[in-house]
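Down below is the structure, laid out as structure tokens.
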Amino acid sequence: MAAQGAVAPANLTRNGTDWLKSVDCGGLQPADNYFLPCEIPNDFNGIYGLGQPQVVFDWSEPRVPEAAISFGVVLSDDGNPDPYTASVLAQEINARLNLDGYQFAEAFIVDPAVVNGAAVAAELQQANLRAFVDLAIESTTFVRIDGNSIMRGALISENDSWAMITRDENGVENAEPVEPTASLNVNDTYIRSVDAWASETHELAEEAYRVAIRAPLFVSNVRSGTTISKPTCPSPLVERVSAVPAGFVGGPAPNDPRYIAGARTRVVDNGATYSIFLDLLYDGESDFQTVPAPPDPASNMGLVNVTIKCSDP
């Protein structure tokens, strides 16, 4: 058996910049997926004397296709080749490429294949500004660091490591979501470690919050006459209070025991607070008597169990 492999296509040459523009302005790209706006000039003759750039695509090495770009001869004001300005332009372009993160592009005024000293000098004198883009990654999808490209379709990484890693300015990988400078903003994210979508975990958190805010906020046994502050409940919930006698002793004083015919609690709404009272009906009497509040010695004759929670209206 033998693998036939792919046949490399012939070199393709493109002149100017119109072929990168939308068909709406005479370009070759779809109206909704072009590479250059219509405002980019096709002929750069007004800038450093450069004419139309020429791009030659070379697929002779299928794994490392290359695009060689010739911008033309950089001219001085008197119309002669200007090697110095061409060198400055090449240096500035490479600095910008390095800053923006294009690792497979470079600008030069001497063809890298030229090694003879006299030929190099001749190349310099020509002031011909060139560049090349070498796609030395075996892939069909490229994500540009400047974020100007629109990618349609899925981005798939066949790797057992992280598919997307962000680092700070010191090269340290971000571990904590401290700042939004390296955040991921997507419609939804599937979290394999917990086998759930991020939206679902958010819904679970919301449900847990809804359960938590309906849980009792205050539960305690208090003396009669105690004042308790109201909680702040999220809308549309409102606070609810429950007061139940927790224990009491017959008689209005520790040394005056009596039978108790009944007990009741009263909750007085003071606006921002509640006042809790315990009333006792002693045997043989017709009216309830309120257990006094501390520091009265008789305040220990009864306790009230109070529960406060947020609940539906």
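Listing for the model above:
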read-out: Apportionment of accessible area to carbon and sulfur, the stretch 12-127, percent (1.4 Å); value: 55 percent
read-out: Order of exposure, largest accessible area first, which applies to LEU217, LEU278, LEU20, LEU303 with probe 1.4 Å; value: LEU217, LEU303, LEU20, LEU278
read-out: For VAL73, net neighbour charge (Lys/Arg +1, Asp/Glu -1) across residues whose Cβ lies under 12 Å away; value: -1
read-out: Derived scalar couplings ³J(HN,Hα) [the stretch 193-202; Karplus, 6.51 cos²θ - 1.76 cosθ + 1.60; whole Hz; x for Gly, Pro]; value: 5, 10, 6, 7, 7, 4, 5, 5, 5, 5
read-out: Carbon + sulfur, % of accessible area of the stretch 223-311 - ligands and nucleic acids excluded, 1.4 Å; value: 51 percent
read-out: Size of charge dipole - the stretch 12-127 - debye, nearest 20, with Cβ of Lys, Arg +1 and Asp, Glu -1, no other charges; value: 180 debye
read-out: Solvent exposure, largest accessible area first (probe 1.4 Å, DNA, RNA and ligands not counted), of ASP32, ASP296; value: ASP32, ASP296
read-out: Environment charge of CYS310, counting only residues whose C-beta is closer than 13 Å and scoring Lys/Arg +1, Asp/Glu -1; value: +3
read-out: For THR226, distant residues with modelled amide H under 5 Å away; value: ILE276
read-out: Protein-only accessible surface order, largest first, of ARG130, ARG192, ARG258 at 1.4 Å; value: ARG192, ARG258, ARG130
read-out: Accessible area in square angstrom per residue, the stretch 12-127, 1.4 angstrom probe; value: 62 Å²
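The values are calculated or read from the model by the stated rules, or taken from the named source; none is laboratory data. Source: prediction; values computed, not measured. Cβ: placed from backbone, ideal geometry, glycine included. Neighbour counts: every protein chain shown. Surface areas here come from the heavy atoms of the whole protein model, side chains and all, with no ligands, DNA or RNA. Shrake-Rupley method; radii C 1.70, N 1.55, O 1.52, S 1.80 Å.
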